[in-house]
Amino acid sequence: MNTDTPEGKPTTALVAPDSAPPAKAVVDPSESRTEPIEPNSLPTQDVRQIPSPAPEVSPASPPQIGAPAKEAPESEPKEDTASVVAAQPNTEASPTSAAITNTLPIAPVVIPTPPPKPKPATWEEKKPEEPWCPEVLIPLLPWAQQAQADYEHNDTKELRHAGWRLVAATRRGRMHAHNAEHREDAFAWEAGDDFLVVAVSDGAGSCEWSRIGSATTTREITGRLRDWFLAERANLAKLDFADLKNMIGHQMVLTIHDIVKWFIDELAPKSGAKPKDFRCTLLLTVWCRTEKQEVLLTTQVGDGFFGLLRRDGSATRHGESDSGEFSGEVTSFIPDTNAPEHSQKAIKSHRVADLEAMLLCSDGVEDPFYPLDKNSAVIFHELYHNLPGAVTNNAGVKHNSAIGSVLDKDGADALAAWLGFEKKGENDDRTIVLLHRDPPAPNIRIRSAAPAA
Amino acid sequence: MIRRLPVYILADCSGSMSGDPIEAVKQGIRLLHSNLMSDPSAVESAYLSVITFDSSARQVVPLTEVAAFNPPDLQASGTTALGAALKLLIDCMSTEVRRTTGDQKGDWKPLVFLLTDGNPTDSWQSYASQIKQNKPTPANIIAVGCGDGVDTSILKQITEQVLLLKDMSGDSFAAFFKWVSSTVTITSAKCGAAPDAAAGGVALPPPPVGITIVP
């Protein structure tokens, strides 16, 4: 269904009625592939004399039985496993010949049957064998043992604070579950009297300890910025808007720089790992309110996105999706040396007065809902207005059952249920953090909007 | 639209492949299909196409999802029109592989396995050069020469990733196609970013005994 709504025209029709999921290609089980029973045509050039022993075929190939009636030359391998019907005169005739008296020996008949079609595998959920935190890292990460004890494949959290509410869910993807691997997405937040720091990180697939990277990054970034806010409180209170914004933005980049440096100079060498073994993305949001000012800043390294819902109901994304022409070509990760520079370029200040809610999502949510400038509205609508039943929405994402209110107390469970959506080929870890005004705007009519200039 | 991992097999069906080698290649493609069917990630994302070349080239199986793929029958005869095969590959990828646009996520970068036992008999250099320069569709190309008659320096002009299959026995081909399966499943398992994508290469699993990497 086309979700394009003209600018300024509110619509509630963002959710398609319960529609059938796209039909899977059906493999006709009765279709058979018979091998041609004819001699190979002789090569006209490049003739190479290849001695022809019995061809190497799968172990189940039937033994050669004398005088087969089949005309095929020797080079036609019997890869079909159940093809030889009879080795001797067959008194057990085929059903159709029941009425025929067998007075003559029947030559064995080899009926080439196609090999059985393999059945497509289904997803399994397996427990990882490796501990969440590798032995060698435990002495270097004092919090790791507790984090390991607390680790769950699927996790939720919520917080009401200073006129905002945060609700988050993270979920191990089917891919990792099937391969008996840990979730590599992580999130964390810290809250003080007048500030919130929220981070989401996605460990890069194929980087061995990226789950440690993402857990460490989110924990350290939020922790260090929290400490900085607590220490700088008096100074920040004096600043005007521009200075406050610049100071916080600068500190965000500096903190990223410090963490990159720590991975490279401390954690990697002391554990014998390479920095790239910890590679992960980062989405970072900082909100701060002083007596006179209110500031909201975001920055990112790698993919994932920020969704923005304005008080007028318009919804869009912020942030350029960091991927190339083909899926999966991210240009920077923590702790690459270019990460601080990337985060500097990506810093953005948002008008808090206009803002109703913000989403921070890893690419496990970004990709199924792509493009997010259009489909952020679909997500916000589903979170703000519940799902009455199973539905496939305008982004082609399928929810299997009704979902309760995310905005109420214990809405984290509803958010976790929302995160269980289905879309073919989308099997990555998923993380979503919703930051919204508390109380949320009642009856907000949500529509897609072009990004603000 | 789902994001797919396109996989192209380019199989040399020239006369010198006739007999055991072509049968082994046929069997190998069956094995590849079967292995991919046992991996749910490949079932969802991998799409297979087979291009054969002898005196000319043809796409015997267009890009097809794993569950609907039928391993093709192959016959061997004729010369080695590698140039025609490369040109056909370029055309097929242009038509079949989806790029990321404002509206949809593109396919993963295609994987191409080129298998040949001899040297090209047609004009191939300009197509090889295009492919080497990632034009118009960047792809991860792995060229595999088999037997004694192949000139790997030619393959090196198509891609940096060149392997050599020393003997053409059924076991050799079976091991090769098993390795192809691993490469596809590992690639399709990279649901996040592939950090080495920028470097151009795909992380190949180590080749089995009997297959050597040509430096």
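The values are calculated or read from the model by the stated rules, or taken from the named source; none is laboratory data. Fair warning: this is a prediction, and the values are worked out from it, not measured in the lab. So basically every Cβ, Gly included, is an ideal-geometry build from the backbone, and we count neighbours across all protein chains shown. Only protein heavy atoms, including side chains, enter the accessible area calculation; ligands, DNA and RNA are left aside. Shrake-Rupley method; radii C 1.70, N 1.55, O 1.52, S 1.80 Å.
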Q: Compute the FRET efficiency between A:R445 and B:Q133 as 1/(1 + (r/R0)^6), taking r as their Cβ-Cβ distance and R0 = 60 Å, and round to the nearest 0.05.
A: 0.75
**Q.** Charge dipole (region A:119-177, unit charges on Cβ, about Cα centre) - positive-most of A:A147, A:L137, A:W164
**A.** A:W164
Q) In terms of modelled amide H atoms, which long-range or inter-chain residues lie less than 5 Å from the amide H of B:L114? A) B:L10, B:I142, B:A143, B:V144
Q.
Could you sort A:E130, A:E356, A:E232 by their accessible area in this structure, using a 1.4 Å probe and putting the largest first?
A. A:E130, A:E232, A:E356
**Q.** Overall form of region A:294-453 per C-alpha gyration tensor (a/c, 1.5; a/b vs b/c)
**A.** oblate
**Q.** Under Karplus coefficients 6.51, -1.76 and 1.60, residue-wise ³J(HN,Hα) of region A:256-272 in Hz, glycine/proline x
**A.** 4, 4, 5, 5, 4, 4, 5, 4, 6, 8, 10, 5, 5, x, 6, 9, x
Q.
Can you compute the modelled spin-label distance between A:E422 and A:K274, with each label point 7 Å from Cα toward Cβ, in nm?
A. 4.0
Q. If you plug each phi of region A:220-226 into the Karplus form 6.51 cos²θ - 1.76 cosθ + 1.60 with θ = phi - 60°, what whole-Hz ³J(HN,Hα) values come out, in order, with x for Gly and Pro?
A. 5, 4, 5, x, 5, 5, 4
Q: Classify region A:343-426 as rounded, prolate or oblate, taking a ≥ b ≥ c as the square roots of the eigenvalues of its Cα gyration tensor: rounded when a/c is under 1.5, otherwise prolate if a/b is larger than b/c and oblate if not.
A: oblate
Q. Could you give the nm distance between label points at B:L204 and A:D227, where each point is 7 Å from its Cα heading toward the beta carbon?
A. 4.7
Q: Would you check the accessible area of B:V214, probe 1.4 Å, heavy atoms only, in square angstrom rounded to 10?
A: 30
**Q.** Under Karplus coefficients 6.51, -1.76 and 1.60, residue-wise ³J(HN,Hα) of region A:414-428 in Hz, glycine/proline x
**A.** 5, 5, 4, 5, 4, 5, x, 4, 10, 7, 4, x, 10, 10, 7
**Q.** Total charge dipole magnitude, region A:160-300, about the Cα centre, Cβ charges on Lys, Arg, Asp, Glu only, Debye to nearest 20
**A.** 400
(Q) If the only charges are +1 at each Lys and Arg Cβ and -1 at each Asp and Glu Cβ, what is the size of the charge dipole of region A:337-447 around the Cα centre, to the nearest 20 debye? (A) 380
Q) Cα gyration tensor of region A:266-389, axes a ≥ b ≥ c as square roots of the eigenvalues: rounded (a/c below 1.5), prolate (a/b > b/c) or oblate? A) oblate
Q: Would you mind checking which residues have amide H under 5 Å from A:W164's amide H? H placed 1.01 Å from N; only 5 or more apart, or other chain.
A: A:D438
Q.
Cβ neighbours within 10 Å, averaged per peptide: list A:282-294, A:149-161, B:2-14, B:160-172 in order, most packed at the top.
A. B:2-14, A:282-294, B:160-172, A:149-161
**Q.** Estimated Rh, region B:72-165: Kirkwood, alpha-carbon pairs, angstrom
**A.** 14.2
Q. Between Rg and the Kirkwood Rh of region A:159-249, both from Cα atoms, what is the Rg to Rh ratio?
A. 1.10
Q.
Please compute the average number of Cβ atoms from other chains found within 10 Å of each residue's Cβ in peptide A:419-427.
A. 4
**Q.** A:D193 versus B:D91: modelled label distance in nm, points set 7 Å from Cα along the beta carbon direction
**A.** 7.4
Q.
Rounded to the nearest 20 debye, what is the charge dipole size of region A:396-435 about its Cα centre when +1 sits on each Lys and Arg Cβ and -1 on each Asp and Glu Cβ?
A. 160
Q) Using r as the Cβ-Cβ distance of A:L254 and A:A234, and R0 as 25 Å, what FRET efficiency do you calculate, to the nearest 0.05? A) 0.80
Q: Counting helices only, and only those DSSP H runs with n ≥ 4, report the 222 nm mean residue ellipticity of chain B as the sum of -39,500 (n - 2.57) divided by its residues, in deg cm²/dmol to the nearest 500.
A: -10500 deg cm²/dmol
Q: For chain B, build the charge dipole from Cβ charges (+1 Lys, Arg; -1 Asp, Glu) around the Cα centre, then report which of B:L31, B:P110, B:L165 sits farthest towards its positive end.
A: B:P110
